[in-house]
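Undergrad: Could you have a look at this structure, given as structure tokens, before my questions?
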Amino acid sequence: MEITKSVLYFFLAGLCELGGAYLIWLWLREGKSLWLAFLGAVVLVVYGFTHTMQPANYGRVQAAYSGFFIVLALFWGWKIDKVVPDKIDLIGSAVALIGVCIIMYWPRG
């Protein structure tokens, strides 16, 4: 159950980081409303809080999250920007997820 909660926190953090940054991107790069930037900033603050829920120290959480983020960012690009991940993207994502599992969930003595 602890691993499931941890993965859910990683997923929430990724959505908040990608979503918040995307809202700011829309404001700066596509001339959308300034309110999107403010909303993006709020979502990025929520992102910062989600890591505190993880059952590990900050450095380990950040290292593992980086691998998880790679997969979420590629998925975001596929669904939002319509850029389909290629074979190399998928292989790299698999390697990153293996790293996440080793860093966060491998039993320690």
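Undergrad: Pick from GLU30, GLU17, GLU2: which is farther than 26 Å from ARG108 by Cα, over 12 Å from the mean Cα position of the chain (by Cα) and of a type in the set (Asp, Glu)?
TA: Exactly one residue qualifies, and that residue is GLU30.
Undergrad: Among the residues of the range 30-61, write down those that are outside any helix (DSSP H, G or I) and either among the aliphatic types (A, V, I, L, M) or without any contact (Cβ under 8 Å) to a residue 24 or more places away in the chain (or both).
TA: GLY31, LYS32, SER33, ALA56, ASN57
Undergrad: Turning to a different aspect of this structure: Inspect the range 3-19 for any residue being outside any helix (DSSP H, G or I) and not aromatic (Phe, Trp, Tyr) and give the result as yes or no.
TA: No, the range 3-19 has no match at all.
Undergrad: Which one of these does ILE70 not meet: (1) surrounded by 13 or more Cβ atoms within 10 Å (Cβ to Cβ); (2) touching a residue at least 40 places away in the same chain (Cβ under 8 Å)?
TA: Among (1) surrounded by 13 or more Cβ atoms within 10 Å (Cβ to Cβ); (2) touching a residue at least 40 places away in the same chain (Cβ under 8 Å), ILE70 violates only (2).
Undergrad: Looking for something more than 20 Å from THR4 (Cα to Cα) and aromatic (Phe, Trp, Tyr) - is there at least one such residue anywhere in the range 78-94?
TA: Yes, there is a match, as at least one residue in the range 78-94 is more than 20 Å from THR4 (Cα to Cα) and aromatic (Phe, Trp, Tyr).
Undergrad: Kindly indicate the residue of the range 99-109 that is touching a residue at least 24 places away in the same chain (Cβ under 8 Å) and surrounded by fewer than 17 Cβ atoms within 10 Å (Cβ to Cβ) and also nearest to THR4 (Cα to Cα) among those meeting that condition.
TA: Taking the candidates together, the pick is TYR105.
FYI, it's all coordinate maths here, none of it is from the lab. Every value quoted in this text rests on a predicted model; they were computed, and no experiment measured them. Every residue, glycine as well, gets a Cβ built from its backbone with ideal geometry; the counts of neighbours run over all protein chains shown.
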